[in-house]
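Reading through the structure tokens given below for one structure.
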Amino acid sequence: MKEKLSERELSIRNLFWAVCLKWKQFLIAALIGVILLGGFSYYRSLKEVKAKKQLKEEPVKIEELSLEEDAITESLNVYLEYYQKYMAQLRYNREACLMKLDPNCFYKGEVTYYVDNHYQVEYPVMEKKDNTYGIASEYLANLTSLDLTKEIAEIEGVDDVNIAYASELIDITNRFGYRNTITTDLEQGIFTVSVYSSDYEKCQKLLELVTARIEEYQKTAVSKYGKHDLIQLAQKCVMTSDPYLLTVQTEQVDRQRNYYWKVDEFEKELTEDELTFAEAYRTQYELEHQPEEPEFELAEPKAKVSKKWLLLGFVAGVAVLFMIYVLKYIFNAAIRLEDELDAIYKVPVLGVILEKLPSFKGLSGFFKKKLYEKRRFFEKDNAVEMAAANVRVLGQKNNINQIYVTGTVSDDVEGAVIGQIADTVKEYGITMEYGKSILYDAASLENAAKTGTVVIACTPGVTTYREIAEMMDLCKEQGSEVLGILVIGK
């Protein structure tokens, strides 16, 4: 029988549900994993933050680094390129006048002109060319000069740092706000110019500035393109809103975010020397490109815990404990309540008698129900009656009137249960005697051999598979028959 134990099959189903019963321990293990790896993540982040602060306080100049030119990899070049794009986009989003407009409430000024060059078609010869398109285009081109941008910046109160962004407040394409009263048509000599501001008075001043610039340029345009009339068709300044402006602003913010992700992604690929070079480059770049008194302060870097490490800690904690319980279940030498002992030892299980029935309430109860799905449990008194009935039936069927019960635990609980069974079957002429394990007690071995019929009493979690097998082999050597197995649990 001992040799056949190696052929014992392991139920994956039982293994799964038995491990699931440890769900409370899994939660504790997951929490420990989260704390450990979360703490490790925070330590790494804190170390990086301290290094960045130290580098900021004592910046390393690029010319002081010993990084060879051929050691600068493509990853570093791409990293620096994206960093420049990120910083430029960050500066634009913070300082651009267009980004500061509220898309739900801003002012739009609009002025429309008509250019009449008195062109007439004379048949059959048409020597004169129609230059209406060129004249109208020239007026619009005059609105992109640097001196005009400076005047716009002065009206808006923009300093020298972001003066270039002020040019966006004059729009010759008329992108934002309500639909234009008159649509630009350069072929017909009609053009409309829009101005934007968050203040009505500033919007009026911008509109006056544009109007004055266009009308002042008329003399220059006449000398260049010939005599023509410049007629103002419409002029107004109103409060408006525009969801498209919000879309444009959102796109700029998204572009900044994408550059940041690229910078972060390539930074992870840098070596330690390259990372030092990159930090020095960033420090020097920020010092060169940031104003002496920036309008916005960059947030101080803070140590943080990575969500990825928290998730990894949770999974790792569960996985490690899961493997421990699986191995423990596989290599556990003691028999289990869910085992089919009759299939393993080829003898019937006469009864399963428990001092207390397992509880099937809550989540643990659900797992127990799945684990013991093929096992029926009875209250102790009913289980004793069922075991006694099985003993009586087998005894009468095989003409047996004396049975020796050898206990593997030999404690008071085991003795009391077997005593109850013995009292029940005694009425039917069957005598049951209870003794210690025949493996360790000589008197029990002699009594078992003298009786000739043996029942093995075992306890789940205590009695081992090998112990039962050795008892059965010893009974066979002594010429005793094993009638069955009694499972007695606490």
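The values are calculated or read from the model by the stated rules, or taken from the named source; none is laboratory data. None of the values given here were measured: they were computed from a predicted structure. Positions of Cβ are backbone-derived with ideal geometry, glycine not excepted, and every protein chain shown enters the neighbour counts. Quick note on the areas: whole protein, heavy atoms, side chains included, nothing else; ligands and nucleic acids left out. Shrake-Rupley method; radii C 1.70, N 1.55, O 1.52, S 1.80 Å.
Structural remarks
- From the list Ala334, Ala388, Ala383, the lone residue that is open to solvent by less than 70 Å² (accessible area, probe 1.4 Å), of a type in the set (Gly, Ala, Ser) and within 28 Å of Phe26 (Cα to Cα) is Ala334.
- Going through (1) closer than 19 Å to His118 by Cβ; (2) open to solvent by 30 Å² or more (accessible area, probe 1.4 Å) one by one, Gly189 falls short only on (2).
- For first residues located in segment 473-490 and crowded, with 23+ Cβ neighbours inside 10 Å, partners that are charged (D, E, K, R) and lie 6+ apart or on another chain with Cβ distances below 7 Å form the pairs Ile488/Glu414.
- Checking each residue in segment 251-275 for being in a helix (DSSP H, G or I), open to solvent by 60 Å² or more (accessible area, probe 1.4 Å) and either in contact with a His (Cβ under 9 Å, 6 or more places away or on another chain) or among the hydroxyl-bearing types (Ser, Thr, Tyr) (or both) picks out only Tyr260.
- Of the helices (runs of 4 or more DSSP H) entirely within segment 60-152, those holding at least 2 residues that are at pLDDT below 85 occupy 74-95.
- Test: residue in segment 361-371 that is among the basic types (Lys, Arg) and over 40 Å from the mean Cα position of the chain (by Cα): no
- If you check Glu433, Glu414, Glu467 for being free of Cβ contacts under 8 Å to residues at least 40 places away in the same chain and either outside any helix (DSSP H, G or I) or within 60 Å of the chain's Cα centre (by Cα) (or both), only one passes: Glu433.
- Lone unmet requirement of (1) touching a strand residue (DSSP E or B) at 6+ places or on another chain (Cβ under 6 Å); (2) closer than 24 Å to Asn93 by Cα for Gln232: (2)
- In this structure, Lys227 does not qualify as in contact (Cβ under 8 Å) with a residue 24 or more places away in the chain, open to solvent by 60 Å² or more (accessible area, probe 1.4 Å), part of a helix (DSSP H, G or I) and basic (Lys, Arg).
- Odd one out for Ile438 among (1) buried (at least 20 other Cβ atoms within 10 Å of the Cβ); (2) in contact (Cβ under 8 Å) with a residue 40 or more places away in the chain; (3) closer than 26 Å to Glu338 by Cα: (2)
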